[in-house]
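Participant: Below you'll find the structure I mean.
All of the numbers you see were taken from the coordinates with simple rules; none came from a lab. Note that this is a predicted model, so its numbers are computed, not measured. Don't worry about glycine lacking a Cβ; one is built from the backbone with ideal geometry, like all the others, and counts go over all protein chains shown.
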Amino acid sequence: MDKVIDIEERIPSMREKRRKKTNKKFLFIIAVFGIALLVLLYFQSPLSQVGKVEIHGAALHDDQYYYDKSGILEGASYWGFTTKEVEEELLKLEGVSSVAVTRKWMRDIDISIDEWKTVAYMESGGEYGLLLENGALFPSDGSYPNVPILNHVDNPDLRKRLTTQLLKMDKNVLQLISEIIYTGTEENPDTIVAYMDDGYEVHAILQTFAEKMDYYPDIISQLGDIEKGIVNMEVGIYFTPFSKVYGNAEVEEGEGDEVGEENE
């Protein structure tokens, strides 16, 4: 009878290959099980919950308002929402122009709010509301930025045109304006009067208001100690003292004359 020979004894390398293959399968199963266990533990731990929610850029509303409207609560699931959904929800809020929501530091949420710029405020029903750069009126919480008061600018189209002018104006000059009154008539529909913080009065045309107001600081510096008066920018630019216009005081020699030449 022929002797039976075990092929594995003759080729030991085959046994070693089979053993290594079995070990790899076992390690793979252990790794999958370990990852699944870690994922399960992660979602059961505070690490998967929202930590701190930071709000940036809030002015028209306070931080708490945006926090409440975002729907993201501290301690809620960190992955229970998408940033796009939160951004779309916050964009619906009055006064908001853009929103960026980002996850950071594994648990925290950063919400950056861009609001429409406030260009002026208007009186309505005995209360002042903020006029935003998009032409919308926003109720004020009682705190007012350093922007002009608008009066008799109830027409939406007129308000939009004036807003465009204010946005073009140099910020430092804009902050010098205390109040703007629309004085237009059928014959001159675009005239406005601006009362300045330094006591002067500016008469202007709506279309060229921002352009000509750029000269205001230079004009006032040239007037020196001459009494306060009206800087007329409707046609060219010239100055007339209040005493000559309103007759509230005796006109001294030279005070009733225009100061400076007309500028084209």
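Participant: Indicate the gyration tensor shape class of the range 90-177 (rounded, prolate or oblate), computed on the Cα atoms with a ≥ b ≥ c the square roots of the eigenvalues: a/c under 1.5 is rounded; otherwise a/b larger than b/c is prolate and the rest oblate. List each step's numbers first, then the result.
Facilitator: Values: a/c = 2.34, a/b = 2.01, b/c = 1.17.
Taking the square roots of the gyration eigenvalues as a ≥ b ≥ c, the range 90-177 is prolate.
Participant: Which whole-number percent is the relative contact order of the range 118-246 (Cα, under 8 Å, 6+ apart)?
Facilitator: On the way: 213 pairs, mean separation 20.9, N = 129.
This gives 16 percent for the range 118-246.
Participant: Now a separate question. Are there chymotrypsin sites (Phe, Trp or Tyr not before Pro) in the range 183-240 that DSSP puts in a loop and that have at most 12 other Cβ atoms within 10 Å, and which ones? List each step's numbers first, then the result.
Facilitator: Working: sites: Y195, Y200, F209, Y215, Y238, F239; in loops: Y200, Y215.
Loop-located and lightly packed - none at all.
Participant: I would also like to ask the following. Residues with beta-carbon under 14 Å from that of A204, excluding A204: net charge, scoring Lys, Arg +1 and Asp, Glu -1?
Facilitator: Working: positive: R161, K168, K212; negative: E179, D190, E201, E211, D214, E234.
That sum, taken over residues with Cβ under 14 Å, equals -3.
Participant: Is the range 47-115 rounded, prolate or oblate when judged by the Cα gyration tensor, a ≥ b ≥ c being the square roots of its eigenvalues, rounded requiring a/c under 1.5 and prolate requiring a/b larger than b/c?
Facilitator: Values: a/c = 2.02, a/b = 1.77, b/c = 1.14.
It comes out prolate by the Cα gyration axes.
Participant: Separate question: Of all DSSP beta bridges located in the range 118-246, what percent are antiparallel, nearest 5?
Facilitator: Values: 23 of 31 bridges.
Here the share of antiparallel DSSP bridges comes out near 75 percent.
Participant: Express the Stokes-Einstein translational diffusion coefficient of the range 118-246 in µm² s⁻¹, to the nearest whole number, given a Kirkwood radius over alpha-carbon pairs, 25 °C and a viscosity of 0.890 mPa s.
Facilitator: On the way: Rh = 15.1 Å.
Rounded to a whole number, D works out at 162 µm²/s.
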